[in-house]
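One structure is given below, encoded as structure tokens.
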Ligand SMILES: [Fe+2]
């Protein structure tokens, strides 16, 4: 990877090359001036470069090879330095473009304004909530709980996951439910195994949908894996432990917590305290124990701001 240290070394190399070129150029210029000055005093010179200079005391021979080997050496050194300097600048420019390109692979530049992206995300998740009145407000709460968990995380983990990515993934985690028939989504009572299999398609459907939006494609992994379990018994791919992307592990806790404190077509809500204890109980099995610790911290600090106690 192109680190800051490498960038500094490259910069210093270019600087040294350019400075030494400048110095050599000044030296050569001075050398030429000296020769010109000497010519003013020369009384005679032959074609081989042997110049006769007459002084008060004696006539001496000053041998000036023009151009001398030293002169050629300096020219060569000067040329090499110039080439290295120019190559260095080209290299720095190329690395900058390369770095920009590789960065946009994982975090594509937003082609939409932030406000425009917010509006698109909002209209998408409202489409799900309009389809299923039981989930009204669910997506916003899941995003809020996920961010409360995120805020308790170590800085090293935060660097792996931009906060806004988690927020968008929280808001869109159930977008795939738009493809579930109303009869199944709003069914009162228990689903049949076949119906449940259809419901289980929503993470994949949602992730595939979001991947179509260039500015959001990189958050699709959070959507695709928000129903995976730490013990590998989740869906759609039965990923286990840290195979599950961090975004998916956080959303799993936030989603389950809110689902428990919300009334659904097939069951009543439980209290926030009961849901909290259930999340702690499912640490190491359903949830990443470290994420549960962050959740616990957030809950105890009141950072979750549980707004909708359907139970009460
Ligand atoms: Fe879901």
Check your understanding: Only one of (1) more than 16 Å from the ligand (Cβ to nearest atom); (2) at pLDDT 95 or above; (3) part of a helix (DSSP H, G or I); (4) within 21 Å of residue 256 (Cβ to Cβ) is not met by residue 194, so which one is it?
Key -> (4)
Exercise for review: Can you tell me which residue within the stretch 211-222, out of those that are touching a residue at least 12 places away in the same chain (Cβ under 8 Å) and in a loop (DSSP other than H, G, I, E, B), is farthest from the ligand (Cβ to nearest atom)?
Suggested key: 214
Review point. Residue check: is residue 83 modelled with pLDDT under 90, assigned by TED's automatic domain parsing to the domain that holds residue 19 and either out of contact with any helix residue (DSSP H, G or I) (no Cβ under 8 Å at 6 or more places or on another chain) or within 16 Å of the ligand (Cβ to nearest atom) (or both)?
Key: yes
Review point. Which residue, of 125, 168, is in a helix (DSSP H, G or I), away from the ligand (no atom under 13 Å from the Cβ), within 22 Å of residue 262 (Cα to Cα) and in contact with a helix residue (DSSP H, G or I) (Cβ under 8 Å, 6 or more places away or on another chain)?
Key: 168
Practice item. Answer yes if at least one residue in the stretch 293-310 is out of contact with any strand residue (DSSP E or B) (no Cβ under 6 Å at 6 or more places or on another chain), under 18 Å from residue 200 (Cα atoms) and without any contact (Cβ under 8 Å) to a residue 24 or more places away in the chain, and no otherwise. Key: no
Check your understanding: So which residues in the stretch 170-204 are within 25 Å of the chain's Cα centre (by Cα) and under 17 Å from residue 237 (Cβ atoms)?
Key -> 173, 203, 204
Review point. What is the residue count in the stretch 249-277 for residues that are under 17 Å from residue 138 (Cβ atoms) and either within 11 Å of the ligand (Cβ to nearest atom) or assigned to a helix (DSSP H, G or I) (or both)?
Key: 13
Exercise for review: Run residue 147 past the list (1) modelled with pLDDT of 95 or more; (2) not in a helix (DSSP H, G or I) and report the number of the one that doesn't hold.
Suggested key: (2)
Review point. Does residue 161 count as within 16 Å of the ligand (Cβ to nearest atom), on the phi < 0 side of the Ramachandran plot and in contact with a helix residue (DSSP H, G or I) (Cβ under 9 Å, 6 or more places away or on another chain)?
Key: no
Review point. If you check residue 208 against the conditions, is it more than 16 Å from the ligand (Cβ to nearest atom) and either assigned to a helix (DSSP H, G or I) or modelled with pLDDT of 95 or more (or both)?
Key: no
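The values are calculated or read from the model by the stated rules, or taken from the named source; none is laboratory data. Computed from a predicted model, the values in this text were never measured in an experiment. We place every Cβ from the backbone using ideal geometry, glycine too, and count neighbours over all the protein chains shown.
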